[in-house]
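Chemist: The following block contains the structure, expressed as structure tokens.
Rule-based calculations on the coordinates, nothing more; no lab input. Note that the structure is predicted; figures quoted are calculated from it, not measured. As a convention, Cβ positions derive from the backbone with ideal geometry for all residues, glycine included, and neighbour counts pool all protein chains shown.
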Amino acid sequence: MTTGESRKPESGASSLSVVVAGGGTAGHIEPAMAVADALRALDPAIRVTALGTQRGLETKLVPERGYPLELIPPVPLPRKLTKDLLRLPGRVRAAVARTREVIDMVEADVIVGFGGYVALPAYLAAGRGLLWSRRPVPLVVHEANVKAGIANKIGARRANRVLAAVADSGVRARGRADAEIVGIPVRRSITTLDRAALRAQARAHFGLPAEGPVLLVTGGSQGAQRLNEAVSGAAAQLVAAGISVLHAHGPKNAVDVSAADPAAPAKYVAVPYLSRMDLAYAAADATVCRSGAMTVAEVSAVGLPAFYVPLPHGNGEQELNARPVVALGGGRIVPDAQMTPKYVIDEVIPLLTAPDRLAAMAAAAAGAGHRDAADAVARIVVEVARS
């Protein structure tokens, strides 16, 4: 199944064809799209095709960015001994076969993968191996997290170049060489964002006051109940302190801010989703957010002080994502259970009303980012394809 226009080049065309594999969550899709944009900026003739599945956010995000999307069967990796585990080999074969069809159709010169269940079939289809007698395709693997997933660990063994956001992520190139550290690719609208220049426009866009501090609250595309309850529970105190709030609570959630004084000069603006994160960052003076790898990369790239609230489950990677920024003074890590209305009143409000402390944290956060990561990855992808 195809979304967009992905096809072979006209006879004699010499432009490079790049397949990007990073679907499922925004944490995999956004770096892939950032590199796609950087490839187009490097050479507008480069053809980029994205791989995805019907289940992921890529069905919405990739077409919005103007790239063709080719769908493959999803291959979720079961974490327990169930019947799904028995079906896994057949699902992998089907996904790899479909991926190989896409590779041949677009005459791919290189594949760049960003992990997740979309990337694994691409990694397997790229090589000649036992399944394929056709030509192998050069492979670049990028790991955004501080702890690599199984897909990227497998892909790294086959890759021509292995890249990572941070050291010691668990991915190694062939020959056990360390991955090249390049940071996380972030879209250009974020890396070039001038928050001060856009401040007035951004605040007007969201209906926020032109003056006074603004707190941005976001739990990602689906929201975060813990963050919603903690910040909305302190709505009255925030507004009374002169702090306006821009709160993205998630499309399936809602927040009650009726306790806030509607006549106060500060405002509490609650929305289901933020489609213009660049304007949201420009409007804000600090943020309360989760600490997924992509969130940390964007927040530090724009120099926004942050209260990072890692997800309390998983293998602890969200806390690890935030540690380098926090170590430089660009944010704080708040355990999930401690993010309460009381914490907002006792810790968040005092920071938002201390301009000197905010400015110091903003400078520290900006110093922790890798603003040129997308361009660096794009150059490596082209180098691999042409070599």
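Chemist: Pop the C-beta distance of Glu107 and Arg55 into the FRET formula with R0 = 30 Å and round what comes out to the nearest 0.05.
Modeler: Details: r = 27 Å, r/R0 = 0.91.
My answer for the efficiency is 0.65.
Chemist: Sticking with this one: Which cross-chain or sequence-distant (5 or more) residues have an amide H under 5 Å from the amide H of Thr49, H modelled 1.01 Å from N in plane?
Modeler: Answer set, sorted by chain and number: Val18, Val19, Val20.
Chemist: Between Ala359 and Arg157, what FRET efficiency follows from the Cβ-Cβ distance if R0 is 51 Å, with the result rounded to 0.05? Mind dumping the intermediate values first?
Modeler: Details: r = 46 Å, r/R0 = 0.90.
Rounded to the nearest 0.05, the efficiency is 0.65.
Chemist: Report, to the nearest 10°, how far helix 373-386 tilts away from the longest principal axis of the Cα atoms in the chain, using its own Cα long axis and a range of 0 to 90°.
Modeler: 0
Chemist: Related question: Compactness ratio of segment 189-366: Cα Rg over 2.2 N^0.38 Å, N = residue count? Walk me through the numbers on the way to the answer.
Modeler: On the way: Rg = 14.6 Å, N = 178, 2.2 N^0.38 = 15.8 Å.
In units of the globular-protein estimate, segment 189-366 measures up at 0.93.
Chemist: Count charges around Gly183 for me, please; just the other residues with Cβ under 11 Å from its Cβ, Lys/Arg as +1, Asp/Glu as -1. Before the final figure, lay out each step's value.
Modeler: On the way: positive: Arg371; negative: Glu180, Asp372, Asp375.
Result for the local shell: -2.
Chemist: Let me ask you something else. How much length is gained if the chain between Asp168 and Glu180 is pulled fully straight, taking 0.36 nm per residue apart and subtracting their Cα-Cα distance, in nm to one decimal? Don't skip to the answer; put the middle values down first.
Modeler: Details: separation 12, 0.36 × 12 = 4.32 nm, distance 1.05 nm.
Here the answer is 3.3 nm.
Chemist: Can you put His249, His370 in order of Cβ neighbours within 10 angstrom, beginning with the fewest?
Modeler: Numbers: His249 23, His370 19.
Ascending Cβ contact count within 10 Å gives the list His370, His249.
Chemist: Right, here's the next one. Normalised by the number of residues in the chain, what is the relative contact order in percent for Cα pairs under 8 Å and 6+ residues apart?
Modeler: On the way: 860 pairs, mean separation 59.1, N = 387.
Across the chain, relative contact order equals 15 percent.
Chemist: OK, next. Enter the angle in degrees (range 0 to 90, nearest 10) between the Cα long axis of helix 195-206 and the first principal axis of the Cα atoms of the chain, meaning the one along which they spread out most.
Modeler: For 195-206 against the chain, the angle is about 80 degrees.
Chemist: So, in the chain, how many Lys pairs have Cα atoms under 29 Å apart, if the pair is 8 or more places apart or on different chains?
Modeler: 12
Chemist: Here is a follow-up. Starting from the Cα coordinates of the chain, work out the convex hull volume and express it per residue in Å³.
Modeler: Normalising the Cα hull of the chain by residue number yields 140 Å³.
Chemist: Order of Val271, Val75 from fewest to most other C-beta atoms within 10 Å? Please report the intermediate quantities before stating the final value.
Modeler: Working: Val271 16, Val75 21.
Taking fewest neighbouring Cβ atoms as first place, the list is Val271, Val75.
Chemist: Sort Met105, Met339 so that the residue with the fewest other Cβ atoms within 10 Å of its own Cβ comes first and the one with the most comes last.
Modeler: Working: Met105 15, Met339 22.
Ranked by crowding around the Cβ, least crowded first: Met105, Met339.
Chemist: For labels at Ala264 and Asp194 in the simple 7 Å Cα→Cβ model, what's the distance in nm?
Modeler: So the label points at Ala264 and Asp194 sit 3.3 nm apart.
Chemist: Something else: Just to verify a number: FRET efficiency for Asp43 and Ala337, C-beta to C-beta distance, R0 = 51 Å, to 0.05?
Modeler: Numbers: r = 49 Å, r/R0 = 0.97.
Given R0 = 51 Å and the Cβ-Cβ separation, E is 0.55.
Chemist: 7 Å from Cα along Cα→Cβ at both Glu347 and Ala254: what's the point-to-point distance in nm?
Modeler: My value for the distance between the label points is 3.0 nm.
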